[in-house]
Amino acid sequence: MYGYVHMMKTRPMPLNMIEELFINDLRDGIVYCIAKGAQDRAKKALYSAKTADDKMSALTAVLKVCIAESNLLEGLTITERLLNEPMMIFHRSRLLFWLGDLNERLYDFDPAIGYYCHSLACASRPDELHHVIWSNLGFCWLYKQDFRTAEQCCRRSLELASKEWEAWKNLGVSLEHQQQIEEAFLAYFKAVHLSRGRAVPVWHLTRLNQRHPGVVPDVSGMKVTAYREYEILI
């Protein structure tokens, strides 16, 4: 009873979900090295491509530069244009996924959810996208503060890929805000382990301990593994 009352008094209030989920810190984990003229070369390859596969290859390069340069609206426009081309029908699921991802990066979560759901519904959906879409849906529902739906999406993602740390992290957030504190701790701890100490899940775990001292184990001494991923765009 005392533990329950303590948890209710320290209930985490999601006043700012952008800060709560550390989205900017997550993105800062990738450092882009962009060669001069990379965007122009990628666009030229896209517009000159004759086959659907060549278009997809070129679009991948275009979107990487758009994301690296925070030119997300241009990426949306180009991808939407390709989505309507008849020859791209067999790549429709991946195009819809990319549209969802771009909208998510713009914090425009309603269209992001719509695109992800349409991607899931495609008969041509690549298997490797399946669990990622569910995890991303969970992330979007967290921002909309529908924590129960977010939990369901994360659990579906983990049924398909049980070692994906981001799904465990998102699950932890959904559980924490439903006052399932011990389960949230275990989900965050799993994310820390699977990510080999990435900053984001460590911060979640530490914050949980600060909000609920005595309810979950003390992790104040846990250190963040600081490393970055580098991507060279030529």
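The values are calculated or read from the model by the stated rules, or taken from the named source; none is laboratory data. Note that this is a predicted model, so its numbers are computed, not measured. Don't worry about glycine lacking a Cβ; one is built from the backbone with ideal geometry, like all the others, and counts go over all protein chains shown.
Assess whether ARG148 counts as being at pLDDT 95 or above, among the charged types (D, E, K, R), within 24 Å of GLN180 (Cβ to Cβ) and assigned to a helix (DSSP H, G or I).
In short, yes.
Got a number for residues in segment 131-145 being in a helix (DSSP H, G or I) and modelled with pLDDT under 95?
1
Quick one: which helices (runs of 4 or more DSSP H) sit completely within segment 15-74 and have at least 2 residues that are among the small types (Gly, Ala, Ser) and buried (at least 17 other Cβ atoms within 10 Å of the Cβ)?
Once the helices (runs of 4 or more DSSP H) in segment 15-74 are filtered for at least 2 residues that are among the small types (Gly, Ala, Ser) and buried (at least 17 other Cβ atoms within 10 Å of the Cβ), what remains is 38-48, 52-68.
Which one of ALA45, ALA68, ALA61, ALA35 is in contact with a strand residue (DSSP E or B) (Cβ under 8 Å, 6 or more places away or on another chain), more than 25 Å from HIS131 (Cα to Cα) and small (Gly, Ala, Ser)?
ALA35
Looking at GLU176, GLU183, which is the one that is charged (D, E, K, R), within 18 Å of VAL215 (Cβ to Cβ) and either without any contact (Cβ under 8 Å) to a residue 40 or more places away in the chain or touching a Gly at 6+ places or on another chain (Cβ under 7 Å) (or both)?
Unique residue meeting the criteria: GLU183.
List the pairs whose first member sits in segment 59-70 and is touching a residue at least 12 places away in the same chain (Cβ under 8 Å), whose second member is among the hydroxyl-bearing types (Ser, Thr, Tyr), and whose Cβ atoms are under 9 Å apart, counting only residues at least 6 apart or on separate chains?
That search, which allows pairs on different chains as well, returns LEU59/THR79; VAL62/THR79; LEU63/THR79; LYS64/TYR32; VAL65/TYR32; ILE67/TYR32; ALA68/TYR32; GLU69/TYR32.
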